[in-house]
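Since the structure comes first, as structure tokens, the remarks are kept for the end.
The values are calculated or read from the model by the stated rules, or taken from the named source; none is laboratory data. Note that the structure is a prediction, hence the values are computed from the model and not measured. Heads up, the Cβs are rebuilt from the backbone with ideal geometry, glycines too, and the neighbour counts pull from every protein chain shown. Accessible surface is based on the protein model in full, side chains and every heavy atom, while ligands, DNA and RNA are left aside. Shrake-Rupley method; radii C 1.70, N 1.55, O 1.52, S 1.80 Å.
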Amino acid sequence: AGSIGCTVLGWRLFHVKKLYHGIRDEQRNHRELIDNLSEGIYRSLPNGRQLSANPALVRLNGYESEAEMLQCVRDIASEWYVDPNRRTAFKELLERDGKVEDFISEIYRHKTRERIWISESARLVTDRRTGKPLYYEGSVREITETVKRLELQQMFEKLTSQLPGGLFQLMRREDGRFTVLYASRGFRRLLEHGDAPAPNDPNSLLHLIHAEDRLRYLETLRDSGLKMSSWDCEFRISGGMTGTERWLRVTASPEATKDGIVWHGFLADVSARKQSDIKIEKLAFFDPLTNLPNRRLLFERTRQQMRRCAQKGERGALLFIDLDNFKTLNDTMGHDVGDAFLKQVAERLESTVGPEDTVARIGGDEFVIVLCLAASGLAGATRNAILAANRVLSALRQEFHLGQMVHHTSASVGVLVFDGNETGPEVIMKNADMAMYQAKSAGRNGVALFDPKVLETERQRFQLLKDLRTALNGNKLELHYQPQVNATGHVVGAEALLRWNHITRGPVAPGDFVALS
């Protein structure tokens, strides 16, 4: 029995040894197979740190050994992908589906920084017991030549179907004719061609481009061909099956060939970013309540009008409008009613001006209109400006319906005519503001034309106020007492009188300086 047991044990040991050698040989064969593959194979942690790479992937990245590559590659999102967002998209697909197939990206050959295209596939490996992601492994295949030369049309369409845009090749021949050499499915989808082939003649697509953008589109393409520089242009398109307006961006690099110039490019939909830019611009340049230009944009529009006047010998005008008794309405009826009122005021002011004029809101109840006047002479321009101001007053005199309430208002309007040779918008605004206060002081609900004499009066008043502060700090004011007597001649009191002996003006009457304080 003992000998039989030894025989069985020996047989089992022999079998285990044979099994061990078989597994070892299989692992060696598997490793040799991976090492000799022309396709890059790797294994990475979920955070992107690579654990292993076969020789093909090492060569693809420009390195001599796996150890050198693993030591140098630290952050594949920023170091490997030309667009770092592609790493995020790859990771999201992997986490959602557990695998990624034919993920197309433009990357850098890590060591040399040469830009190449690759197709990447991967699968996520999880712990069988907990389901926690352990690592992911995948393959990388360089497809640069395929992308550049478009040798296999069907394969290329499949590879690029996941790109958020479309690839194209556009040729300008020696005789000036343009031809579309290639347009990917994404390109055709953006132009709403569906599965139909893109037209050979790109000029047939020009009608889709917004009229205001068409000239810029053609000029940037022409400049790219003349300078052999990158073509980059954003433009709007409309039409197609949906008829909706969208923003597209074209980026392409020209290449000189024996037959002409070929642009290799990419077309993307940037509507979302453009809408965001428009919102940001509105916040920066427009009043959020009325959607009128704010002070910042008003100053820029005024500068433009000043340059135009100076160049063409024309004149413009600025109307400074202050609503009378707005604070009372706002305080008694509430801000909601006040806001509704201001919106209606903005609409009425816009109805009184032409398309080249600007209506802006610069404060709570202050509005400004910049007019482009047809008359070049001072008298004619002044007459037209006053007529415009009276149109404003007439529009604001009409009753306002604010919910169940009917409100009547008026305004004070200051008018300033300019020829573009003034110092800047700030000066024009200040002088028009002074004219508005003249109208308000005259009883409101009226128009006042800026008078330079008023400016001089204000300057004198400001200087006198400045001198008064200096006199107060230096104790230069004198207090005199004048006795008060009754009918019998007895002193019953005294009147205190303040006297100011100005250093250059001499005695200043109390009526001239008491009101300043």
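A simple spin-label model places the labels of Asp331 and Asn473 3.4 nm from each other, with each point 7 Å out along Cα-to-Cβ. One way to sum up the overall shape of the range 304-387 is the equivalent ellipsoid from its Cα gyration tensor, whose semi-axes run 31, 11, 10 Å, largest first.
Checking every one of the GluC sites (Glu not before Pro) in the range 190-299 against DSSP loop status and a limit of 16 other Cβ atoms within 10 Å picks out Glu192, Glu245. Give the calculated FRET efficiency between His480 and Tyr437 to the nearest 0.05, with a Förster radius of 51 Å applied to their Cβ-Cβ distance. For His480 and Tyr437, the calculated efficiency is 0.90. Taking label points 7 Å from Cα along the Cα-to-Cβ direction, Glu422 and Met405 give a separation of 3.5 nm. Against the empirical 2.2 N^0.38 Å (N residues), the range 31-142 has a Cα radius of gyration ratio of 1.01.
Over the range 214-358, the reciprocal of the mean inverse Cα-Cα separation, the Kirkwood hydrodynamic radius, stands at 20.0 Å.
Rg and Dmax over the alpha-carbon atoms of the range 378-457 stand at 14.7, 49 Å.
Once the chain from Ala272 to Glu300 is taken as fully extended at 0.36 nm per residue, the excess over their C-alpha distance is 7.4 nm.
As a fraction of the 1.4 Å probe accessible area of the range 214-348, surface on carbon and sulfur atoms comes out at 52 percent.
Volume of the convex hull of the range 245-319 (Cα atoms only), normalised per residue: 191 Å³. Checking the cross-link pairs Lys227/Lys258; Lys282/Lys312; Lys282/Lys343; Lys312/Lys343 against a 27 Å limit on the alpha carbon distance flags Lys282/Lys312; Lys312/Lys343 as lying beyond it.
Sorted from longest to shortest, the spans of the Cα atoms of the range 196-295 along the three principal axes equal 59, 33, 20 Å. Peptide packing: for 81-94, 298-311, the average count of neighbouring Cβ atoms within 10 Å per residue gives the ranking 298-311, 81-94, highest mean first. Please give me the summed charge of the neighbours of Ile209: other residues whose Cβ is under 10 Å from its Cβ, Lys and Arg +1, Asp and Glu -1. Residues close to Ile209 contribute a combined charge of +1. Sorting the segments 410-416, 431-437, 225-231 by their residues' average number of neighbouring beta-carbon atoms within 10 angstrom, most packed first, yields 410-416, 431-437, 225-231.
Give me the percent relative contact order of the range 352-420, please, defined on Cα pairs under 8 angstrom at least 6 residues apart. It rounds to 23 percent for the range 352-420.
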